[in-house]
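Engineer: Shown below is the structure under consideration.
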Amino acid sequence: MNAGSLADSSRTNFRDAPAVIRPGEELDVPKLESFLRSHFPAEAAALTVKQFPSGHSNLTYSIQLGNRSMVLRRPPFGSKVKSAHDMSREFHVLSRLHPAYPPAPQVLLYCEDDSVLGAPFYLMEPIGGVILRRDPPPGLPFTPQTARGLCESFIDNLARLHSIDYAGIGLTDLGKPQGYLERQVRGWIERYHASKTHDIPEVDKISQWVQQNLPASSYATLIHNDYKFDNMILDPADLTKIIGLLDWEMCTLGDPLSDLGTALAYWVEASDPDDFQQLRWGPSNYPGSMTRSELVERYAKSSGRDVSNMIFYLVFARFKVAVIVQQIYYRFHAGLTNDQRFASMPALVQTLLRASWHSAQSRVI
């Protein structure tokens, strides 16, 4: 048993668990039950629906129908950005990807009929494991050896994803690699302005910088586009082993270094300033964790790719994450959701934009 092992099997209670449904995000249970029983007629026992409490974009629910456990994914209520919540596309990606890349969830059913839940949704098999968010839960062993081993798996798994033959698994229709970066830069600048609620001076500075420093991209891979700790499911018996990767809504074909850039944008080191520590999405500042520079170095070795222009990808990724947070906050600002977690997001947006502009000026990963 290696450094990430949990000697006591009772510690599997650190697995991610559902809770009560947040107000305003309830499902129409009678309609859902009718739909499910038409597909699983042998399950006679009652339907139980709970919600996984974390996550800020697509909504995720635990479904228990008799002896059958499932996970349901649907778009957020009141979203403006329909293209970011395309359930049909996400179902298509996972149905093709799972056989070649088992950490991707195995999908079961897709429903395009809005009359059932008010929006398209799909169901998938659950993956039982540990999800690390800002801090490991109290009592969960997270030693420096475990942190180091997980960092290595984190990067090696990303390189593995980028090595998949997307044409061979039938995903050539997922995106248009030619001109990917240029479209991304233009599109994310437009998305920010479509969801703007405050005047932040760094927006124009970053927008000009990324357009002026756009690198040439000559290759494309399958990319996740939201690669971070809290989208991973870890083996409860070995926290250095990734058994699941969630939230494929932004998966596409594009520059793999943009995927690495996104991972770096979420990565907060112990030496980062206090305001940036508030942005931490996982235990990346714990003893034993790699720095962003070490992550880049390991990716270069694992993938064999040139990473000499990673500053651009980090600057742009931090801007992109800021826009994602801004889009989420816009729903709250417009009264389209009552989720109070979103109330403090403008401060996070400003911190991300300051960090992005600092990277552009300092050229430090």
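Engineer: With a 1.4 Å probe and every protein chain left in place, work out the accessible area per residue of the chain in Å², rounded to a whole number.
Structural biologist: 43 Å²
Engineer: For region 268-339, what does the equivalent ellipsoid look like in terms of its semi-axes, each the square root of 5 times an eigenvalue of the Cα gyration tensor, given largest first in whole Å? Each step should come with its number before you reach the end.
Structural biologist: Numbers: eigenvalues 174, 58, 21 Å².
Equivalent-ellipsoid dimensions as semi-axes: 29, 17, 10 Å.
Engineer: Report E33's accessible area, 1.4 Å probe, all protein chains in place, as a number in Å² to the nearest 10.
Structural biologist: 50 Å²
Engineer: Assuming R0 = 41 Å, what is the FRET efficiency of E190 and A44, from their Cβ-Cβ distance, to the nearest 0.05?
Structural biologist: In this case the efficiency is close to 0.20.
Engineer: Can you order the peptides 235-244, 35-44 by their average number of other Cβ atoms within 10 Å per residue, highest first?
Structural biologist: 235-244, 35-44
Engineer: Would you grab the residues whose amide H sits under 5 Å from the one on R68? Only those 5+ places off in sequence or on another chain, please, with H modelled 1.01 Å from N.
Structural biologist: The answer is none.
Engineer: About the Cα centre, and with charges only on the beta carbon of Lys, Arg (+1) and Asp, Glu (-1), how big is the dipole of region 259-363? Nearest 20 debye, please. Provide the component values of the computation, followed by the final result.
Structural biologist: Working: 11 positive and 9 negative charges, 43 e Å.
Result for region 259-363 is approximately 200 debye, rounded to the nearest 20.
Engineer: State to the nearest 20 debye the size of the charge dipole of the chain about its Cα centre, where the only charges are +1 on K and R beta carbons and -1 on D and E beta carbons.
Structural biologist: With only Lys, Arg, Asp and Glu charged at Cβ, the dipole is about 260 debye.
Engineer: Just to check I understand the Karplus step: with θ = phi - 60° and J = 6.51 cos²θ - 1.76 cosθ + 1.60, what whole-Hz values come out for region 249-260, glycine and proline as x?
Structural biologist: With the stated coefficients, region 249-260 comes to 5, 9, 4, 7, 9, x, 5, x, 5, 5, 5, 5 Hz.
Engineer: Read phi for every residue in region 181-196 and hand back ³J(HN,Hα) as whole Hz from Karplus 6.51 cos²θ - 1.76 cosθ + 1.60, θ = phi - 60°, with x for Gly and Pro.
Structural biologist: Couplings: 5, 4, 5, 4, 4, 5, x, 6, 5, 5, 4, 4, 5, 6, 10, 5 Hz.
Engineer: When the C-alpha atoms of region 186-344 are aligned to their principal axes, what extent does each axis show, in angstrom, from largest down?
Structural biologist: Computed over region 186-344, the largest-to-smallest principal extents equal 43, 40, 31 Å.
Engineer: Next up: Go through region 221-232 residue by residue and turn each phi into a ³J(HN,Hα) via Karplus (6.51, -1.76, 1.60, θ = phi - 60°); whole Hz please, and just put x for glycine and proline.
Structural biologist: 9, 6, 10, 7, 6, 8, 7, 7, 4, 7, 9, 10
Engineer: Can you tell me which of 121-128, 60-67, 208-215 comes out highest on packing, and rank the rest after it, using the mean Cβ neighbours within 10 Å?
Structural biologist: Ranking, from highest mean packing down: 121-128, 60-67, 208-215.
Engineer: Would you compute the Debye intensity of region 92-154 from its alpha-carbon atoms alone, equal scatterers and no solvent, and pass along log10 I(q)/I(0) at q = 0.22, 0.24 Å⁻¹ to two decimals?
Structural biologist: -0.96, -1.02
Engineer: Under a 5 Å amide H to amide H cut-off, with H placed in plane at 1.01 Å, what residues pair with I243 once short-range neighbours are removed?
Structural biologist: Amide H neighbours of I243: I233, L234, D235.
Engineer: Oh, and also: Please arrange R331, R134 by accessible surface area, largest first, computed with a 1.4 Å probe and ligands excluded. Walk me through the intermediate numbers first.
Structural biologist: Values: R331 20, R134 85 Å².
Correct descending sequence by accessible area is R134, R331.
Engineer: Could you state how much accessible area S362 has, in square angstrom rounded to the nearest 10, with a 1.4 Å probe and all protein chains kept in place?
Structural biologist: 50 Å²
Engineer: Based on alpha-carbon atoms only, what is the radius of gyration of region 122-259 relative to the globular estimate 2.2 N^0.38 Å? Write out the running numbers ahead of the final one.
Structural biologist: Numbers: Rg = 18.1 Å, N = 138, 2.2 N^0.38 = 14.3 Å.
For region 122-259, the normalised Cα radius of gyration is 1.27.
Engineer: While we're here: Leaving ligands, DNA and RNA out of it, report the carbon-plus-sulfur percent of the accessible area of region 160-316 at a 1.4 Å probe.
Structural biologist: 46 percent
The values are calculated or read from the model by the stated rules, or taken from the named source; none is laboratory data. Keep in mind it's a predicted model, so treat the numbers as computed, not measured. Every residue, glycine among them, receives a Cβ derived from its backbone with ideal geometry; neighbour counts consider all protein chains shown. Accessible surface is based on the protein model in full, side chains and every heavy atom, while ligands, DNA and RNA are left aside. Shrake-Rupley method; radii C 1.70, N 1.55, O 1.52, S 1.80 Å.
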